[in-house]
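The structure appears right after this line, and notes come after that.
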Amino acid sequence: MQHNIASDGRKITRRTMLGTAAAIAAVPAMAEECRVGPPPHHKGPLVFMDYDQVELDASYDQEVYEPLIGQVLKRLASNSEAVRARIGAPQRVAYGPTEIEKLDVYRTNHANAPIFVFIHGGNWLLGSAKDSGYPAEMFVNAWAHYVALDFNSVKEAGGDLSVIAAQVRRGIAWVYKNAASFGGDHDRVYIGGFSSGGHLCGVALVTDWQRQFSLPTTRSRAGFA
């Protein structure tokens, strides 16, 4: 078992680092469990199964079931700003041809370090790499690079999730091909995401990397969806 030493002298194993990553990614999901009040109930004419229009619309609106989601997102953004104030700004790099296709690399000072690629959530509509910097400090202190991806919202993609999935795949492929440029080990690339980012993580895990990007068949050592 490989052991790393954090800045405060604590011994950190790879298993600890990855387990903590999963816990960090689960924080927004835990907030979803704290519902305030029941879902809307209004029995008008049924429009789908046993849903009337009010209930059906509510099932597509996360704020109905998670009324504090706005506060949660603001807290993640402010936490990300605080992390940058402590460890410095990330390296901003383009991974694809369009303006949105960029990523943030928070670098550790350890050579040939493992890499964690984070795919933000937000109902395929919200979120950004900038507001996804909050876990970075934990990773860089554990001698791992932390990478946050930007990609289109589903509206910008014309309602086509495959456009977003392709961007996420390009981002991960860029990380693999260019890992050495920021001191990363391309054989230790891990990916993860929460909510809609968890879905995109799952899509990335089943990618045919060899056919689509001429990369080794298994590119990700592990994934946390």
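The values are calculated or read from the model by the stated rules, or taken from the named source; none is laboratory data. Values in this document were obtained by computation on a predicted structure and should not be read as measured data. Don't worry about glycine lacking a Cβ; one is built from the backbone with ideal geometry, like all the others, and counts go over all protein chains shown.
Here are a few things to note about the model shown:
- Residue within the stretch 59-70 that is modelled with pLDDT under 95, exposed (fewer than 11 other Cβ atoms within 10 Å of the Cβ) and assigned to a loop (DSSP other than H, G, I, E, B) present: yes
- Yes/no for Ser214 being at pLDDT 95 or above and surrounded by fewer than 20 Cβ atoms within 10 Å (Cβ to Cβ): no
- The combined condition, being in contact with a Cys (Cβ under 7 Å, 6 or more places away or on another chain) and hydrophobic (A, V, I, L, M, F, W, C), is fulfilled by Ile119.
Residue-by-condition table, conditions (1) of a type outside the set (Ser, Thr, Tyr); (2) more than 25 Å from Cys201 (Cβ to Cβ); (3) in a loop (DSSP other than H, G, I, E, B); (4) modelled with pLDDT of 85 or more:
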position	(1), (2), (3), (4)
Leu18	yes, no, no, no
Glu55	yes, yes, no, yes
Leu76	yes, no, no, yes
Asn79	yes, no, no, yes
Glu99	yes, no, yes, yes
Asn109	yes, yes, yes, yes
Pro114	yes, no, no, yes
Leu125	yes, no, yes, yes
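- Ala222 being among the hydrophobic types (A, V, I, L, M, F, W, C) and over 17 Å from Ser162 (Cα atoms): yes
- Odd one out for Ala136 among (1) in the same structural domain as Val175 (by TED's automatic domain parsing); (2) hydrophobic (A, V, I, L, M, F, W, C); (3) at pLDDT below 95: (3)
- Residue among Gly223, Gly121, Gly159 that alone is at negative phi and not in a strand (DSSP E or B): Gly121
Results for (1) buried (at least 22 other Cβ atoms within 10 Å of the Cβ); (2) aliphatic (A, V, I, L, M); (3) in contact with a Gly (Cβ under 6 Å, 6 or more places away or on another chain), shown as yes or no for each residue.
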{"position": "Pro135", "(1), (2), (3)": "yes, no, no"}
{"position": "His145", "(1), (2), (3)": "yes, no, yes"}
{"position": "Val154", "(1), (2), (3)": "no, yes, no"}
{"position": "Ala157", "(1), (2), (3)": "no, yes, no"}
{"position": "Ser181", "(1), (2), (3)": "no, no, no"}
{"position": "Gly193", "(1), (2), (3)": "yes, no, no"}
{"position": "Ser196", "(1), (2), (3)": "no, no, yes"}
{"position": "His199", "(1), (2), (3)": "no, no, no"}
{"position": "Trp209", "(1), (2), (3)": "no, no, no"}
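- Against the list (1) under 21 Å from Glu99 (Cβ atoms); (2) surrounded by fewer than 22 Cβ atoms within 10 Å (Cβ to Cβ), the condition Gly127 fails is (2).
- Restricting the stretch 135-156 to residues that are assigned to a loop (DSSP other than H, G, I, E, B) and in contact (Cβ under 8 Å) with a residue 60 or more places away in the chain, the residue that is nearest to the chain's Cα centre (by Cα): Pro135
- Residue within the stretch 103-110 that is in contact with a Leu (Cβ under 9 Å, 6 or more places away or on another chain) and either on the phi < 0 side of the Ramachandran plot or of a type outside the set (D, E, K, R) (or both) present: yes
- Selection within the stretch 174-205: residues that are free of Cβ contacts under 8 Å to residues at least 60 places away in the same chain and among the hydrophobic types (A, V, I, L, M, F, W, C). The member of this set that is farthest from Asn109 (Cα to Cα) is Val203.
- For the stretch 188-216, a tally of residues being touching a Phe, Trp or Tyr at 6+ places or on another chain (Cβ under 6 Å) and not in a strand (DSSP E or B) returns 2.
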